[in-house]
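Accompanying notes for the structure given below.
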Amino acid sequence: MAGNKIDVAYVANLARLELTPEEQTLFQGQLEDIVKYVEKISEADIAGVAPMMHGRPLVNAFREDVVRPSMDREAALGNAPARVGDEFLLPKIVEGAES
């Protein structure tokens, strides 16, 4: 990648961004610094390092999906301030929302 220059104005155009000349100059320098950093990282000797998706081991924190008895529908709806059939009836909280 050495020697390749990424044109910020071209990338901004692709992203439909309008940049001032000052922003283009600023971002061009920042982008070049990022490319230099990536090139430096690519110099690291990674021979013998196994490929991995994550830097830390992942542990499944989910419990087994087991059907268990739950609260009776009538008991759950019994404390509702209002209901419509088998559903809780709640006031609108978003202005302009349809009923």
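Just so you know, all these numbers are worked out from the coordinates, no wet-lab data involved. Quantities reported herein were computed from a predicted structural model and do not represent experimental measurements. Virtual Cβ from ideal backbone geometry, glycine too; neighbours counted across all protein chains shown.
Do the conditions hold for ALA61, that is, is it over 26 Å from the mean Cα position of the chain (by Cα), loosely packed, with under 10 Cβ neighbours inside 10 Å and of a type outside the set (Val, Ile, Thr)? It is false that ALA61 is over 26 Å from the mean Cα position of the chain (by Cα), loosely packed, with under 10 Cβ neighbours inside 10 Å and of a type outside the set (Val, Ile, Thr). Pairing residues of the stretch 31-48 that are more than 26 Å from TYR10 (Cα to Cα) and in contact (Cβ under 8 Å) with a residue 40 or more places away in the chain with residues that are outside any helix (DSSP H, G or I) and not charged (D, E, K, R), at Cβ distances under 9 Å and at least 6 apart in sequence or on separate chains, gives no pairs at all.
Filtering the stretch 1-37 to residues that are of a type in the set (A, V, I, L, M) and loosely packed, with under 10 Cβ neighbours inside 10 Å leaves MET1, ALA2, LEU14, ALA15. In the stretch 38-54, of all residues being of a type outside the set (A, V, I, L, M, F, W, C) and over 27 Å from the mean Cα position of the chain (by Cα), the one that is surrounded by the most Cβ atoms within 10 Å (Cβ to Cβ) corresponds to LYS40.
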